[in-house]
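**Student:** Sharing a structure with you now.
The values are calculated or read from the model by the stated rules, or taken from the named source; none is laboratory data. Only a predicted model underlies this, so the values are computations on that prediction, with no experimental measurement involved. Every residue, glycine as well, gets a Cβ built from its backbone with ideal geometry; the counts of neighbours run over all protein chains shown.
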Amino acid sequence: MSNETFGMILFLVVEVMFFAALVNAYIVLRWGADQWRPPNLPSLVSTFSVSNTAVLCASGVSILLANFSVRRDDPGGLRLYLWITIALGTTFLALQAFDFYRLFHLHQVPLAGNIFGSVFYTLSGLHGLHVLGGVIFLGYVLANRRKYHRYRAHGVLASTMYWYFVIAVWIFLFFALYVF
């Protein structure tokens, strides 16, 4: 196992513990609240929120294809699929920011006066920061793509592991915050 891969595994263990602490806070706050969601809150599951989740899940396919490309010594495929993943990650961030704007300014999910709004914006906002970090990481890998090949693909593998972590966390958060 390379140092890069081992370092990413350690980093992801720390990230899992960080999100586990946030999820534990979510559970304690949710179970302890007399009323979890604001009374007139419409369903947060919409075509928009499901589409945004699909965008992030589609980026999982493109990062997988980038991984396959580097293992096949296909620098053109690596470049293409990294660009697609970055574009999908950036699209997710833009749509998430618009969703925040829409939910906050239409007073569907107020920030003040309820625990749900605070937890919603904190958890999904921190996830957005992680997606931004992943997009930056993918940009670094893309900028250095010429040094990656079949026998030296550690950076691509590390970015893939991180990206799948970001997707998995979002799927959990989507169900915890939007669905239930």
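**Student:** How many of the residues making up the range 100-110 are at pLDDT 75 or above and either loosely packed, with under 13 Cβ neighbours inside 10 Å or charged (D, E, K, R) (or both)?
**Tutor:** 4
**Student:** Across the range 70-114, what is the number of residues that are closer than 15 Å to GLY134 by Cβ and of a type in the set (Phe, Trp, Tyr)?
**Tutor:** Within the range 70-114, residues that are closer than 15 Å to GLY134 by Cβ and of a type in the set (Phe, Trp, Tyr) number 3.
**Student:** In this structure, does GLY125 turn out to be surrounded by fewer than 19 Cβ atoms within 10 Å (Cβ to Cβ), small (Gly, Ala, Ser) and outside any loop (DSSP other than H, G, I, E, B)?
**Tutor:** yes
**Student:** Cβ-Cβ distance below 7 Å, separation of 6 or more or different chains: which pairs start in the range 18-29 with a residue that is more than 14 Å from PHE116 (Cα to Cα) and end on one that is surrounded by 12 or more Cβ atoms within 10 Å (Cβ to Cβ)?
**Tutor:** That search, which allows pairs on different chains as well, returns PHE19/VAL169.
**Student:** Only one of SER69, SER59 is within 18 Å of the chain's Cα centre (by Cα), under 30 Å from LYS147 (Cα atoms) and either surrounded by 13 or more Cβ atoms within 10 Å (Cβ to Cβ) or of a type in the set (Ser, Thr, Tyr) (or both); which? Give the derivation first.
**Tutor:** Working: SER69 fails: within 18 Å of the chain's Cα centre (by Cα).
None of the other options fit; the residue is SER59.
**Student:** Identify all residues within the range 144-161 that are under 17 Å from HIS130 (Cα atoms) and either touching a strand residue (DSSP E or B) at 6+ places or on another chain (Cβ under 9 Å) or crowded, with 20+ Cβ neighbours inside 10 Å (or both); write none if there are none.
**Tutor:** Within the range 144-161, ALA158, SER159, THR160 qualify.
**Student:** Also: Residue by residue through the range 136-180, note down the ones that are closer than 20 Å to ALA87 by Cα and within 10 Å of the chain's Cα centre (by Cα).
**Tutor:** TYR162, TRP163, TYR164, PHE165, VAL166, ILE167, ALA168, VAL169, TRP170, ILE171
**Student:** Hey, any hits in the range 40-61 for a residue that's part of a loop (DSSP other than H, G, I, E, B), farther than 25 Å from TYR121 by Cβ and not basic (Lys, Arg)? Steps first, answer last, please.
**Tutor:** So the first thing to find is which residues in the range 40-61 are part of a loop (DSSP other than H, G, I, E, B), and the list is 40-46.
Checking the rest, the ones that are also farther than 25 Å from TYR121 by Cβ come to none.
No: zero hits.
**Student:** May I ask you to list pairs of residues, at least six apart or on different chains, whose Cβ atoms are under 6 Å apart, with the first in the range 145-158 being over 16 Å from LEU12 (Cβ atoms) and the second being surrounded by fewer than 18 Cβ atoms within 10 Å (Cβ to Cβ)?
**Tutor:** As it stands, the answer is ARG145/ARG79; HIS149/ASP73; ARG150/ARG71; ARG150/ASP73, since those pairs meet every condition given.
**Student:** Specify which of the listed residues (PRO42, PRO75) is within 23 Å of GLY113 (Cβ to Cβ) and either in contact with a helix residue (DSSP H, G or I) (Cβ under 8 Å, 6 or more places away or on another chain) or surrounded by fewer than 13 Cβ atoms within 10 Å (Cβ to Cβ) (or both). Show your work before the answer.
**Tutor:** Values: PRO75 fails: within 23 Å of GLY113 (Cβ to Cβ).
Just a single option satisfies the conditions, and that option is PRO42.
**Student:** Given the conditions (1) part of a helix (DSSP H, G or I); (2) under 22 Å from MET161 (Cα atoms), which single one is not true for MET1?
**Tutor:** Going through the list (1) part of a helix (DSSP H, G or I); (2) under 22 Å from MET161 (Cα atoms), MET1 breaks only (1).
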